[in-house]
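Written out below as structure tokens is the structure these notes cover.
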Amino acid sequence: MELDFERCYRAVDSRDQRFDGWFYTAVTSTGIYCKPSCPAVTPKRPNVQFYPSAAAAQRAGFRACRRCRPDAAPGSPEWDARADLVGRAMRLIGDGVVDRDGVPGLASRLGYTERHLHRMLTAELGAGPLALARAQRAQTARILIETTDLGLAEIAFAAGFGSVRQFNETIREVYGAAPSQLRKPGARRAVEAGTVALRLAYRPPLHAASLLEFLALRAIPGVEEVDATTYQRALRLPHGTATVTLTPQPEYVAARLRLTDVRDLAPAVARCRRLLDLDADPVAVDATLAADEALAPAIAKEPGVRVPRSVDGWEMAVRAVVGQQISVPAARRILTSLVPTRPDELTPFPSPEQVLELPDEAFRMPAARRATIRALAEAVAGGLHLDPGADRESAVAGLTALPGIGAWTAGYVAMRGIGDPDTFLPTDLGIRRGAEALGIPDDPKALDAYATRWRPWRSYALIRLWRS
């Protein structure tokens with residue numbers, strides 16, 4: 001990635017938080033790197049270097065700023081949106097694939113050799129997959145040190161380090177201090193075992209009400225709970241389950257995670273960020289859509305509307321199949337019958353394997369749709385990937401090859417499950433009604449042609465039409 005010095009320096013000088021996550025500022029006179037909006041005194045031009053990732057700055061010998069919290073910067077919107085190898089790799093690294101399966105597992109998941117993957121990531125980000133994963137482990141460790149009472153040895157393995165020695169060396173190198181020095185005496189930390197409280201940063205503006213309204217309308221009882229200010233749900237994670245509570249605030253989303261295994265912190269955070277679309281660049285999205293006079297008034301009234309995504313592509317695919325040609329409330333009732341709920345406790349949505357074990361009577365739907373869900377479960381259990389690390393074209397092709405899944409269903413999954421920012425559903429009845437309300441052509445073919453002016457953000461335009 002090429003970084004223009006003048007543009008980056010202006011962002012640092014103005015402490016513009018919109019650029020947090022896009023690049024990192026390193027100061028040669030102090031040996032420290034930080035996010036562009038850091039409140040520290042703006043460094044002199046000759047002392048500044050810019051890097052596309054924290055790992056690249058660490059590789060160059062800089063240590064992380066200890067003034068700013070490690071969860072205070074959102075991820076790059078570039079990796080959130082891109083569908084190429086580097087974008088997919090960054091999303092999988094964020095989900096902890098390297099920590100669980102190593103670089104060979106990441107390369108296999110992406111379908112490339114380790115050598116080619118390393119070359120591509122180094123060219124774009126200045127660091128290979130191991131260094132990128134190491135930077136994330138260091139950040140996860142610091143969050144656990146500062147927000148929990150876990151022992152340092154427990155934190156080492158929870159963050160993904162192979163040994164306590166490796167943990168100590170990495171923390172010293174990245175933060176310039178021993179792990180024990182990062183734990184401030186008397187700091188208020190979670191007292192409940194397995195609970196982590198942190199802040200999920202985003203680029204403003206964030207129209208939180210639209211996110212909560214959308215999720216509330218579609219919430220599955222027993223899996224999710226939503227009110228006017230807070231979203232709560234159960235998660236199925238690589239090492240166990242979790243319950244997350246997300247409360248949007250003016251500058252961040254307050255997150256409280258209760259984990260059965262703290263090794264799942266990084267993937268839990270990644271999935272919460274994905275659910276609320278927190279790595280988006282709303283200014284860029286709104287600027288493109290506001291160029292259309294039909295959408296401009298809605299954008300001026302409600303800036304920062306995001307695409308509500310998901311924590312699990314498989315779950316979103318089942319929701320899409322169940323929701324075919326029926327109302328949202330009816331789909332909720334059917335989905336509830338698939339979930340083995342427990343009194344006073346949220347339960348993760350069932351896995352593909354669990355759905356395949358359900359009897360026919362659990363599927364309160366036509367036989368053909370039941371067969372579609374079972375075929376979908378078999379495909380996902382057999383290796384069809386529907387998460388943000390998936391190849392979008394291959395995933396859509398895999399979905400439409402299944403009986404009972406057409407373009408609308410596959411597109412809905414691509415938008416909310418896989419995270420495609422440029423999906424459009426011109427045949428959707430709600431979209432057509434929204435288009436009609438705005439004076440836009442509502443014939444599917446004409447509407448699809450009209451929507452090309454919204455590229456590459458048609459998914460966001462789709463949400464705007466639904467809201468209209």
* Applying 1/(1 + (r/R0)^6) with R0 = 22 Å to the Cβ-Cβ distance of GLU353 and THR241, what FRET efficiency is obtained, to the nearest 0.05? -> 0.90
* **Cα→Cβ-extended label distance, 7 Å offset, between GLU114 and THR42, nm** => 4.5 nm
* Asked: Tell me which aspartates and glutamates have Cα within less than 15 Å of LYS184's Cα, excluding those fewer than 8 residues away on the same chain?
  -> GLU146, ASP149
* To do: Write down the accessible area per residue of the chain in Å², having rolled a 1.4 Å probe over the full set of protein chains.
  => 43 Å²
* To do: Can you pull the one-decimal nm distance between simple spin-label points at GLU436 and ARG333, each 7 Å off the Cα toward Cβ?
  => 2.6 nm
* Structure fact -> So the compactness index of the stretch 371-468, its C-alpha Rg divided by 2.2 N^0.38 Å, takes the value 1.15
* Using a cut-off of under 14 Å, list every residue of the stretch 252-274 whose amide N is near the label point 7 Å from the Cα of ASP149 along the Cα-to-beta-carbon line. => none
* Asked: Taking 0.36 nm per intervening residue step and subtracting the Cα-Cα distance, what contour gain separates GLN166 from ALA446 on full extension?
  -> 94.9 nm
* Could you give the angle, 0 to 90 degrees to the nearest 10, between helix 164-175's Cα long axis and the longest principal axis of the Cα atoms of the chain? -> 80 degrees
* **Label of the coordinate-derived value, mean projected area of the Cα convex hull in nm², listed as (1) 43.7; (2) 27.6; (3) 22.2** => (3)
* In the stretch 297-383, what GluC sites (Glu not before Pro) fall in a loop by DSSP, with at most 13 other Cβ atoms inside 10 Å? -> GLU357
* Extension gain from ALA209 to SER14, taking 0.36 nm per residue of separation minus the Cα-Cα distance -> 67.3 nm
* Asked: Is the stretch 1-123 rounded, prolate or oblate when judged by the Cα gyration tensor, a ≥ b ≥ c being the square roots of its eigenvalues, rounded requiring a/c under 1.5 and prolate requiring a/b larger than b/c?
  -> prolate
* List the cysteines of the chain that have no other Cys Cβ closer than 4.7 Å: which are they? -> CYS8, CYS68, CYS272
* Structure fact -> Quick calc, ASP261 & ALA123: beta-carbon distance into FRET formula, R0 41 Å, rounding 0.05, result 0.70
* Please state the relative contact order of the stretch 114-229 as a whole percent: Cα pairs under 8 Å, 6+ residues apart? -> 19 percent
* Asked: What is the spin-label model distance, in nm, from THR427 to ARG67 if the labels are put 7 Å beyond Cα along the C-beta direction?
  -> 5.6 nm
* Tilt relative to the chain, helix 265-275 - C-alpha long axis, 0 to 90 degrees, to 10 -> 50 degrees
* Asked: Quick one: helix 114-125 against the long Cα principal axis of the chain, what's the angle to the nearest 10°, folded into 0 to 90?
  -> 70 degrees
* Proximal lysines to LYS35, defined as alpha-carbon separation beneath 19 angstrom and excluding residues fewer than eight positions away on the same chain -> LYS44
* Asked: If you take the C-alpha gyration tensor of the stretch 222-307, multiply each eigenvalue by 5 and take the square root, what semi-axes do you get, largest first, in whole Å?
  -> 32, 14, 10
* Structure fact -> In nanometres, the difference between 0.36 nm per residue of separation and the alpha-carbon distance of GLU361 and ARG7 is 121.4 nm
* Structure fact -> So the carbon and sulfur contribution to the accessible area of the chain, 1.4 Å probe, in percent, is 51 percent
* **D (Stokes-Einstein, µm²/s), Kirkwood Cα radius, the stretch 280-418, 0.890 mPa s at 25 °C** => 147 µm²/s
* To do: Please go through the stretch 136-188 and write out the trypsin sites (Lys or Arg not before Pro) that DSSP classes as loop and that have at most 10 other C-beta atoms within 10 Å.
  => ARG188
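The values are calculated or read from the model by the stated rules, or taken from the named source; none is laboratory data. All values derive from a computational prediction rather than experimental measurement. Please note: Cβ atoms are built from the backbone with ideal geometry, for glycine as well, and neighbour counts cover all protein chains shown. The protein model used for the area step is the full one, side chains on, heavy atoms only, and it has no ligands, DNA or RNA in it. Shrake-Rupley method; radii C 1.70, N 1.55, O 1.52, S 1.80 Å.
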